[in-house]
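Asks: Here's a structure for you.
Read-outs throughout are calculated quantities, based only on the coordinates presented, and are distinct from any laboratory measurement. A quick note: this is a predicted structure, and the numbers were derived from the prediction, not measured. Cβ placement follows ideal geometry from the backbone for every residue including glycine, while neighbour counts extend to all protein chains displayed.
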Number of protein chains: 2
Amino acid sequence: MKLQNIRLAVDAIIFGFSEGNLYVLLIQQKFGTNKLQWALPGGLVQNEETLNEAVLRELAEETGVKINYLEQLYTFGDKLDRDHRNRVVSVAYFGLVDSSKIIVKPDTDALHAEWIALDEIPKLAFDHNQMVKLAFQRLQNKLTYQPIGFDLLPKEFQFSELENLYCTILHREIDRRNFRKKILSFGIIEETDKILLKGAGRPSRLFRFNKKKYRELEKEGIIFEI
Amino acid sequence: MKLQNIRLAVDAIIFGFSEGNLYVLLIQQKFGTNKLQWALPGGLVQNEETLNEAVLRELAEETGVKINYLEQLYTFGDKLDRDHRNRVVSVAYFGLVDSSKIIVKPDTDALHAEWIALDEIPKLAFDHNQMVKLAFQRLQNKLTYQPIGFDLLPKEFQFSELENLYCTILHREIDRRNFRKKILSFGIIEETDKILLKGAGRPSRLFRFNKKKYRELEKEGIIFEI
DNA sequence: ACAAAAGTGTTAATCTTACACCCATGT
DNA sequence: ACATGGGTGTAAGATTAACACTTTTGT
């Protein structure tokens, strides 16, 4: 058999939620063959690092963003001609950050990173558009059966933010009363004693997600489901 | 950066169900460093084939089994010392066959393939035990929200076989009446006019899964859930 | 006639959905 | 006083869960 000539890369689809909009973290290369084309952060895996480490390193190097949640999404390796004479198989990771960590690294000489609204994503390099699409599907699914929405929000958040997050990402109407009832019934979020007072309208209480509590309840077989 | 020295492989975790037991397809190498150690079917990806093609090829070469269902499971690449000086990252695939296709290839000079009951699987090569574990979790989950159980049964099956499959794999009791009601309510399985008469007990009608119907209903937003 | 496996309905309990008004603040 | 956004409860409907006897065959 011919010697294997395949390179292994990782790519990250990182979502952020801010002011009712969902964003994806993208980078733009200033030089090279893909000059000025947008792409997902990512790159070749080094010999001595795990796949996870590779993603985290690339994210740090290219964007500076610290993520709250990361999981492997899918391995893309079917486009044989993706990069002529240089077959690359890429392990895509799916991640979430909250808006407090949404500040990106200042431009370097070679790279520019930015949050782009999901529905304004241009044609990306390689099969990255497909990756974003799959990642978004995963986000939608996961949101309904795991409490990952909290990883897109600040530590302390208003109930209306959570509600807004769900109805933005799932593209569906949500009944405020039923939603609150259900979320509270899991016993995984707790009231803080802070009241947020901003602009017109009644001030809102801030809540906090209790991850430890969730882990315990999970073990006891409790099922989160929206 | 040092030249990348990573090899890419695929491995397949294939489940079969027969007489109330769940089996995994394993192979045993007769020579080499892993002589007589059991392992999952799999091997290095060739330069000109997709990952899917690679799995199917390896399965054909090593076991001869024709599968009904196949999907990518997870990419394992964290054990850096998995094979000293030869780092291998492996894309694991998860598959199902029905018992009519459960016959394996006769032994070749180098290989022996066999169906081993899930709870009798020995220590396998590399991180293959971990792969089996993850694949089984996937099977359990998927069984509850996608009609993949049918891919483990013959085309025409008794209701009791289906019921037995669910309660074996999910390790839980199932109420026959409620189960039948629910499954039938989806409208995705149909009666055949065949009655199976075997041994003592009332003969049972055979049913058939209508995949086309399921695809249609799926588009209309129907949700399969046990 | 007895053992074995398949087939079948009803009722209570739970969960889900739909729905509208009051509250606390800013202007 | 009016606009804005936050907070709250109830009742009807749908779904799920619990439960036991009859049917058809082989021996």
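Asks: Semi-axes of the equivalent ellipsoid of the range B:6-143: what are they in whole Å, largest first, if each equals the square root of 5 times a C-alpha gyration tensor eigenvalue?
Replies: They are 21, 17, 15 Å, listed from largest to smallest.
Asks: Moving on. Tell me, what is the FRET efficiency for residue B:36 and residue A:18 to the nearest 0.05, using R0 = 56 angstrom and their Cβ-Cβ distance as r?
Replies: 0.45
Asks: Across peptide B:7-18, how many C-beta atoms of other chains are within 10 Å of each residue C-beta, on average? Provide the component values of the computation, followed by the final result.
Replies: On the way: counts 4, 8, 1, 2, 0, 0, 0, 0, 0, 0, 0, 0.
The per-residue average across the peptide is 1.
Asks: For the rotation taking chain A to chain B, which residue of A has the Cβ nearest the axis, and how many Å away is it?
Replies: Spelled out as residue then distance in Å, it is A:75, 2.
Asks: Give a quick list of trypsin sites (Lys or Arg not before Pro) in the range B:129-185 that DSSP marks as loop, anything other than H, G, I, E or B, with at most 15 other Cβ atoms within 10 Å.
Replies: Taking the range B:129-185 and a limit of 15 other Cβ atoms within 10 Å, the loop trypsin sites (Lys or Arg not before Pro) found are B:155, B:172.
Asks: Hey, got the average number of other protein chain Cβ atoms within 10 angstrom for residues in B:36-45? Kindly include the intermediate steps, with their values, before the conclusion.
Replies: On the way: counts 0, 0, 0, 0, 0, 0, 0, 1, 3, 5.
Mean partner-chain Cβ count within 10 Å for B:36-45: 1.
Asks: Along the three principal axes, how long is the range A:148-220 when you take its alpha carbons, biggest first, rounded to the nearest angstrom?
Replies: 42, 31, 21
Asks: Between residue B:107 and residue A:156, what is the spin-label point distance in nm, taking each point 7 Å from the Cα along the Cα→C-beta axis?
Replies: 7.1 nm
Asks: Compare the peptides A:12-24, A:105-117 by average per-residue count of other Cβ atoms within 10 angstrom and give them in order, highest first.
Replies: Ranked from most to least packed, the peptides come out as A:12-24, A:105-117.
Asks: Next up: For every helix of n ≥ 4 consecutive DSSP H residues, a contribution of -39,500 (n - 2.57) applies; sum these over the protein assembly as shown, divide by its total residues, and give [θ] at 222 nm rounded to the nearest 500 deg cm²/dmol.
Replies: Values: 10 runs with 122 residues, N = 452.
Value at 222 nm, helices only, nearest 500: -8500 deg cm²/dmol.
Asks: For residue A:124, what residues show an amide H to amide H distance below 5 Å, using hydrogens built from the backbone and excluding near sequence neighbours?
Replies: Distant-sequence amide H within range of residue A:124: A:129.
Asks: Each residue of the range B:44-61 in order: what ³J(HN,Hα) in whole Hz does its phi give by Karplus 6.51 cos²θ - 1.76 cosθ + 1.60, θ = phi - 60°, with x for Gly and Pro?
Replies: So the Karplus estimates, Gly and Pro as x, are 5, 7, 8, 4, 9, 10, 6, 5, 4, 4, 4, 5, 4, 4, 4, 4, 4, 5 Hz.
Asks: Per residue of A:71-77, what is the mean number of Cβ atoms on other protein chains within 10 angstrom of that residue's Cβ?
Replies: On the way: counts 0, 4, 1, 4, 12, 2, 11.
Other-chain Cβ atoms within 10 Å of each residue's Cβ, averaged: 5.
Asks: Please state the relative contact order of chain B as a whole percent: Cα pairs under 8 Å, 6+ residues apart?
Replies: Values: 370 pairs, mean separation 47.6, N = 226.
Computed over chain B, the figure is 21 percent.
Asks: Averaging over every viewing direction, what projected area does the convex hull of the Cα atoms of the protein assembly as shown cover, in nm²?
Replies: 26.4 nm²
Asks: Using only the Cα atoms of the range B:182-223, each taken as one equal point scatterer with no solvent, compute I(q) by the Debye sum, divide by I(0), and report log10 of the ratio at q = 0.15, 0.20 Å⁻¹.
Replies: Listed by q, the Debye log ratios stand at -0.47, -0.67.
Asks: Which residues among the range B:170-191 fall inside the zone where the amide N is under 14 Å from a point 7 Å beyond the Cα of residue B:116, along Cα→Cβ?
Replies: Under cut-off, by backbone N: nothing.
Asks: To one decimal in nm, how far is residue A:170 from the same spot in the other copies, if labels go 7 Å from Cα toward Cβ? Please give the shortest first.
Replies: In nanometres, ordered from closest: 2.2.
Asks: To continue, here is another question. Give me the distance in nm between label points sitting 7 Å out from Cα along the Cα-to-Cβ direction at residue B:217 and residue B:195, one decimal.
Replies: 2.6 nm
Asks: Give a residue-ordered list of calculated ³J(HN,Hα) values for the range B:183-200 (Karplus: 6.51 cos²θ - 1.76 cosθ + 1.60, θ = phi - 60°; whole Hz; x for Gly, Pro).
Replies: Here the 3J(HN,Hα) series is 4, 5, 5, 6, x, 10, 10, 10, 5, 9, 9, 8, 10, 9, 10, 8, x, 6 Hz.
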